[in-house]
Amino acid sequence: MQGQRIRSGSSFESLVGYSRAVVEGRHVHVSGTTGFDYASMRIDPDPEAQARQCFRNIAAALHQAGAGLDDVIRVRYLLADAALFERLAPVFAEHLGRAAPAATAMVVGLVDSRMHIEIEVTAVIPDKSGQYA
């Protein structure tokens, strides 16, 4: 799977020229992922709904690479407003609490005013015994 490019079907990928994820050895690098439903290219205005959709999109990319949310070792949360962190933290814990990855949260300007959050992760594909080493 080395060098495998994973696509989600999002029109953003072809417009901007990137992949949803790239597999490098056993590492899966998932691009910053927003709360758009890629099938309909719609985004819910609710920040919690967007965060949950981000994780669905990320999980789908990881699954294509042979990994899952429990295999995430690094996460970056990009928030449009610092006040969202407290509200979204339980959603983060719900999806990544078992993995307990290294994490960073930043307040940034996102490229679309409808976006409240973007999430980027790195995961490790476990070996056949379920180990990372």
Item to check | Tilt relative to the chain, helix 84-96 - C-alpha long axis, 0 to 90 degrees, to 10 | outcome: 20 degrees
Item to check | Highest to lowest packing among 30-39, 55-64, 9-18, scored as the average C-beta count within 10 Å | outcome: 30-39, 55-64, 9-18
Next on the checklist: If each DSSP helix of 4+ residues adds -39,500 (n - 2.57) and the sum is divided by the residues in the chain, what number results at 222 nm, nearest 500 deg cm²/dmol?
Outcome noted: -9000 deg cm²/dmol
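Rounded to the nearest 5, what % of the DSSP beta bridges within segment 39-133 are antiparallel ones?
55 percent
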Checklist outcome for this item: Computed about the Cα centre, the charge dipole of the chain from +1 Lys/Arg and -1 Asp/Glu charges at the Cβ has a magnitude in debye, to the nearest 20, of 340 debye
Checklist entry - Once you sort the root eigenvalues of the Cα gyration tensor of segment 1-73 as a ≥ b ≥ c, which label holds: rounded (a/c under 1.5), prolate (a/b larger than b/c) or oblate (the other case)? => result oblate
Item to check | Normalised contact order of the chain, rounded percent, pairs of Cα under 8 Å and 6 or more residues apart | outcome: 29 percent
Checklist entry - So how do 79-86, 19-26 stack up, highest first, on mean other-Cβ count within 10 Å? => result 19-26, 79-86
Checklist outcome for this item: Here FRET efficiency (C-beta to C-beta, Ser113 to Ala39, R₀ 35 Å, nearest 0.05) is 0.95
Checklist entry - So how tilted is helix 47-65 from the main axis of the chain? Cα-based, degrees 0 to 90, rounded to 10. => result 20 degrees
Checklist entry - Once a ≥ b ≥ c are taken as the square roots of the eigenvalues of the Cα gyration tensor of the chain, is the result rounded (a/c under 1.5), prolate (a/b larger than b/c) or oblate (a/b not larger than b/c)? => result oblate
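No value in this document is a laboratory result; all are computed from the given coordinates. Please read these numbers as outputs of a predicted model, since none were measured by experiment. Here Cβ is always computed from backbone atoms with ideal geometry, including for glycine, and neighbour counts include all displayed protein chains.
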